[in-house]
Each structure stands twice: as C-alpha cells, then as structure tokens.
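Asker: Have a look at the structure that comes next, please.
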Amino acid sequence: MTWKAEVDGDRCMASGMCAGIAPDLFVLDDERARPLSEEVPEEERVLDVADSCPALAITIVDGGATVVGPRP
Amino acid sequence: MTTAETTPLAYPFNHHDGLELSKAYEDARHHPGLLRVRMQYGEPAWLATRYADARLVLGDLRFSRAEALNRDTPRQGEGRTDGGILSMDPPDHTRLRTLVAKAFTVHQVEKLRPYVRELTHQLLDELEAAGPPADLVDRYALPIPVAVICRLLGVPEEDRPKFRVWSDAALSTSSLSAAEWERNREELRAYMARLVQEHREAPRDDIMTSLIDARDGGDRLSELELVDLCVAILVAGHETTATQIPNFVMVLLDHPGELRRLREEPELLKGAIEELMRFVPLGASASQARYATEDIEVGGTLVRAGEPVLVAVGSANRDALRFDEPGRLNVARPATKHLGFGHGVHHCLGASLARLELQEALGALVDRFPNLRLAGDVVWKDQMLVRGPRVMPVGW
C-alpha cells in the first residue's frame, strides 16, 4: 500500500524543507516543490514532511482518499 | 575548477554600524569558484556568495550542520554558538522540528493577525502620547515580537528585561569569553527549565505545554532538547524581527521615493516586506558553516569531504544572475525567492510569523506617521550576529 502526495503549487514557497527532509521523494524545481512520484511510501517520514511544510502546501492521502497528512 | 590552497581572506567583510553590504561580496560573486576565508576563531572555510551556490549548500543534505559540533568551526567569538536544533541534521532535526512546525504554519500564524494589529495600534498610541523623540526600538520594534512569542511559547512578558540580557549575549559574537558565554547559556537554560516545571504542574494552551506533552507522553525528545528548543524559540522568535523593524524603517527613510510609493499604494505592503528581506543584509557575517560529507563541486570549486562552507545570504540576495538591478530597492518588485529566511531544512521556522509581524508593524507605522524621521543619533548594535539599531530616536 502506498499513499499519494500532492503539492499545492500556489501555496508552495520553495523553502526547500520537503526536499531537505526527503530528497528521495521530493524535489525542488526553481520555484516549486513537487513529489518525484505521486505515490509515496507509508512512512512516518512522509507525514513529517507534510507537517513541516511552512506553507502547508503538501497533502498526503491514503488509498481511500482520506487525508492522513498534515496531521491535525 | 580551482582547488589550490590560497591564503584565506580575513572575514567578515561587513561593518556593524550600518546596513551596507561590503563591496567585497560583489567582487566575490564575479570571482570564479568559492573564496577562501578565515574568521577570528576556528578553521578556514569556503565562502559561497552567489545565489545558486547558496541554495545548493543550504538545500543539499550532503552538507551537514551536525558535523560542526565535532570541529573547530569558524566563528567570530571564542565561545561556540552552535548547539540545539540549528546544529542537527535529519532525521534528528526532523524529529524536533515537526514537534513545533505546526504552531508556525501560515494558517496558524494568520489567526494572530488581529492581535498583532491591535498591539501595533496600542503601542503607537503610547508612542504618540509620550511625544517625540521616542526610541523606536524600545517602544515599538522590541515589544511587538516579544509580546507575540511570549504568548505563543508561554513565557511571562514581564520577564523581558531578564531574557533580553541573556538573549543579547546568546547572539553576541566576540564581546564574551567562552566562559562568559557558557555561563550566560546556563542561566538562560535554568530560567527556561523553571518555566517548563511550572507548565508541567499547570498545563496551558501554548507551545511549551505541547512540547512537554510530546516529551512526557511520547518520549519524542529529551529534557535538555525540550529546554533548548524553548530557548531557541524565545531568542530567535524576537531578536531578528525586533532588529528588522528598525532596519526596514532606516532603509525606507533612505529611499523616500519608495516610502512614498508604499504609503500611496498600501496593497504593495506584503511584496515590499519581501523586497526588504531581500535587500537588507541583516547578518554582520555568514555563520553556521555547513560541512561537506563527500566531495561536492560548488560554483566551480571542488569542496572536499570534511571542509566547511559559509553561506553569505545577504550577498546571494544581491546576485545579478538572479535579480534584476539587485542593488536597487524596489517595493513593487515581482515576487522573488529571496534567501532572507534561509533555505532547506533549516529554513526559518518562524518565517510566517516574522512576515506577519513585519507587515503589521511597518504598515501601521507608515500609515500613522507620514512625517516619520530620525530625531537623534542612531546607536548600532556592536558585535552581534545581527546588525541593526540598538537605539533609534524618531520624530513624526
């Protein structure tokens, strides 16, 4: 099972936080971050990335389309 | 590619009395490769001055902050200013950062805007009642971020005179001996440890209480990490913003055309704050060297594994390869990804809060006092990591 990661390009402020925490999963193009693949592993680290984004631009959803990150 | 050892240049380049960016940075940006520099204490280092190089070093995990703890890291003072969350790499850094990140997101912080606005108006009323000349630092720039961070973290605001001394010393560069610096840090830690104990006995709705829950309920951080994180939030949470408010006012008074434009077009305010963040080189010096964990080429220089690199964000923010007319303040400049809040995993935790405070503080001041001016001699901070007025008498 995997989760899906989405980055809201309008909110993203290119802080580099996600690509810094998980460079194998997120990459920073010039002005925007994006997941390398929409599918991301079900790992604590992925939720950490969503929690840490200063712009709250990253959403993680599970197989049933339920939002699991950022955590409330 | 240049790898040859050359005699390091004496660093830092900037003077503490003023906000000028040393001409040496412009020369460095045109110089192929990285510069070799030496600070008063610690080993020599590479200095990155261009935007692309700065982003690479700050954003790439092959550069470590934690390694600085094992090294004679480049610094201005004898005392070591490293330790805490700024000296950690992922995954340790991520573990601590995620515990507090959610209190500082754009959405959480935006809820504070009415409170901050009210605070600015109240302080300006008091300033007006006291009459000119008034010290903008003591009566306005400092009380705003102090009140906000005290409320968020759970520190009594009336302790400001106490932690002001400690916080000043924590960010001082060379005025203290290593022993003095150490003693100061222990006093600040003891003060915070007492507050943590009080919060344990009587939990409240603040960041300190949520960190205590994470420690006592989830064992997600040690007691020392808890105390140091609170100290870091308190110090970083007010000193930089309190310094940038008068800095931004100084720069705007120096650019009357831009100030007039901002007053006439208040919708430019948010962009103007970003432009001021880009334009004002807050740091007297690059600090917090990053250590290469493998050989990495940066801007034409091969940085060998184990070598430190200092990143001059003030210089990167004036890189002509990135910004049109970089030396010109333009409050209407289209959005830029400046590095004023850093970049990568150590990107300023409180950036959204700082933005909000700067927007409200500058907006209210510009709106209230159309004839704002200096009304006495500015006294500059001396030997601090951040540059800015210590005393700034203004009239209106």
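Asker: Would you please give the residues with an amide H less than 5 Å from that of A:VAL68, counting only those at least 5 places away or on a separate chain, with H modeled from the backbone geometry?
Answerer: Here the answer is A:ILE60, A:VAL61, A:ASP62, since their amide H atoms fall under 5 Å of that of A:VAL68.
Asker: OK, next. Residue by residue through the range B:32-37, what is 3J(HN,Hα) from phi via Karplus (6.51 cos²θ - 1.76 cosθ + 1.60, θ = phi - 60°)? Round to whole Hz and write x for glycine and proline.
Answerer: Calculated HN-Hα couplings, in order: x, x, 9, 7, 9, 10 Hz.
Asker: While we're on this one: Please work out whether chain B counts as rounded, prolate or oblate from its C-alpha gyration tensor, where a ≥ b ≥ c are the square roots of the eigenvalues and a/c under 1.5 means rounded, while otherwise a/b larger than b/c means prolate and anything else oblate?
Answerer: Oblate is the answer for chain B, as a/c is 1.5 or above yet b/c matches or exceeds a/b.
Asker: About the Cα centre of the protein assembly as shown, how large is the charge dipole given +1 on each Lys and Arg Cβ and -1 on each Asp and Glu Cβ? Please answer in debye to the nearest 20. Don't skip to the answer; put the middle values down first.
Answerer: Details: 54 positive and 74 negative charges, 155 e Å.
Roughly 740 debye for the protein assembly as shown.
Asker: In whole Hz and in residue order, list the ³J(HN,Hα) couplings for the range B:54-66 that follow from phi through the Karplus curve 6.51 cos²θ - 1.76 cosθ + 1.60, θ = phi - 60°; x for Gly and Pro.
Answerer: Karplus values, whole Hz, x for Gly and Pro: 4, 4, 4, 5, 6, x, 9, 5, 6, 9, 10, 8, 4.
Asker: Which whole number of Å³ per residue matches the convex hull of the alpha-carbon atoms in the range A:2-69? Numbers along the way, then the final one.
Answerer: Values: hull volume 4.7 nm³, N = 68.
Dividing the Cα hull volume of the range A:2-69 by its residue count gives 69 Å³.
Asker: Follow-up. Pull up all non-local amide H partners of B:VAL303: gap of 5 or more, or a different chain, and H-to-H distance under 5 Å with H placed in the peptide plane.
Answerer: B:ILE296, B:GLU297, B:VAL298
Asker: Please give the average number of partner chain Cβ atoms lying within 10 Å of the Cβ of each residue in B:385-396, rounded to a whole number. It would help to have the intermediate numbers written out before the result.
Answerer: On the way: counts 0, 0, 0, 0, 0, 0, 0, 0, 0, 0, 0, 0.
Mean number of neighbouring Cβ atoms from other chains: 0.
Asker: Hand me the trypsin sites (Lys or Arg not before Pro) from the range B:77-111 located in a DSSP loop with no more than 15 other Cβ atoms within 10 Å, in residue order please. Spell out each step's value before the answer.
Answerer: On the way: sites: B:ARG80, B:ARG95, B:ARG97, B:LYS102, B:LYS111; in loops: B:ARG80, B:LYS111.
Taking the range B:77-111 and a limit of 15 other Cβ atoms within 10 Å, the loop trypsin sites (Lys or Arg not before Pro) found are B:LYS111.
Asker: Can you compute the helix-only [θ] at 222 nm over chain B? Use -39500 (n - 2.57) per DSSP H run of at least 4 residues, normalise by all residues, nearest 500 deg cm²/dmol. Could you put the intermediate results ahead of the total?
Answerer: Details: 14 runs with 180 residues, N = 396.
It lands at -14500 deg cm²/dmol.
Asker: Would you be so kind as to identify which of B:ALA101, B:LEU353, B:VAL57 lies farthest towards the positive end of the dipole of chain B, taking Lys and Arg as +1 and Asp and Glu as -1 on Cβ and the Cα centre as origin?
Answerer: Among B:ALA101, B:LEU353, B:VAL57, the one farthest towards the positive end of the dipole of chain B is B:VAL57.
Asker: Reachable lysines from B:LYS381, Cα under 30 Å, same-chain residues fewer than 8 places away excluded?
Answerer: Straight-distance partners of B:LYS381: B:LYS23, B:LYS162, B:LYS270, B:LYS337.
Asker: If you don't mind, there's one more thing I want to ask. For a quick check: with amide H placed at 1.01 Å from N, whose amide H comes under 5 Å from A:VAL40's, ignoring anything fewer than 5 positions away on the same chain?
Answerer: Sorted by chain and number, the residues that satisfy this are A:TRP3, A:LYS4, A:ALA5.
Asker: Can you tell me, using C-alpha contacts under 8 Å and at least 6 residues apart, the relative contact order of the range A:2-69 as a whole percent? Write down the numbers at each step before the final one.
Answerer: On the way: 122 pairs, mean separation 27.5, N = 68.
Relative contact order for the range A:2-69 comes out at 40 percent.
Asker: Could you give the dipole magnitude of chain B about its Cα centre, charging the beta-carbon of Lys and Arg +1 and that of Asp and Glu -1, in debye to the nearest 20?
Answerer: Using Cβ point charges on Lys, Arg, Asp and Glu, chain B gives about 580 debye.
Asker: Let me check against my output: what whole-number percent is the relative contact order of the range B:9-395, with C-alpha pairs under 8 Å and at least 6 apart? All intermediate terms of the calculation are to be shown ahead of the outcome.
Answerer: Details: 623 pairs, mean separation 115.6, N = 387.
Worked out over the range B:9-395, it gives 30 percent.
Asker: Can you quote the Å³ per residue value for the convex hull of the Cα atoms in the protein assembly as shown, rounded to an integer? Display every interim value, and only then the final one.
Answerer: Numbers: hull volume 67.8 nm³, N = 468.
Enclosed volume per residue, from the Cα hull, is 145 Å³.
Asker: May I ask you to evaluate 6.51 cos²θ - 1.76 cosθ + 1.60, the Karplus curve with θ = phi - 60°, for each residue of the range B:324-335 and list the ³J(HN,Hα) values in order in whole Hz, giving x for glycine and proline?
Answerer: Karplus-based 3J(HN,Hα) across the range B:324-335 equals 5, 6, x, x, 9, 7, 9, 5, 9, 4, x, 3 Hz.
Asker: Within 10 Å of each Cβ of B:154-165, how many other protein chain Cβ atoms are there on average?
Answerer: Working: counts 0, 0, 0, 0, 0, 0, 0, 0, 0, 0, 0, 0.
Across the residues of B:154-165, the mean count of other-chain Cβ atoms within 10 Å is 0.
Readers should treat all values here as calculations from the given coordinates under stated rules, not as data from a laboratory. Because the structure is a prediction, the values reported are computed rather than measured. Positions of Cβ are generated from backbone atoms using ideal geometry, with glycine treated the same way; all protein chains shown enter the neighbour counts.
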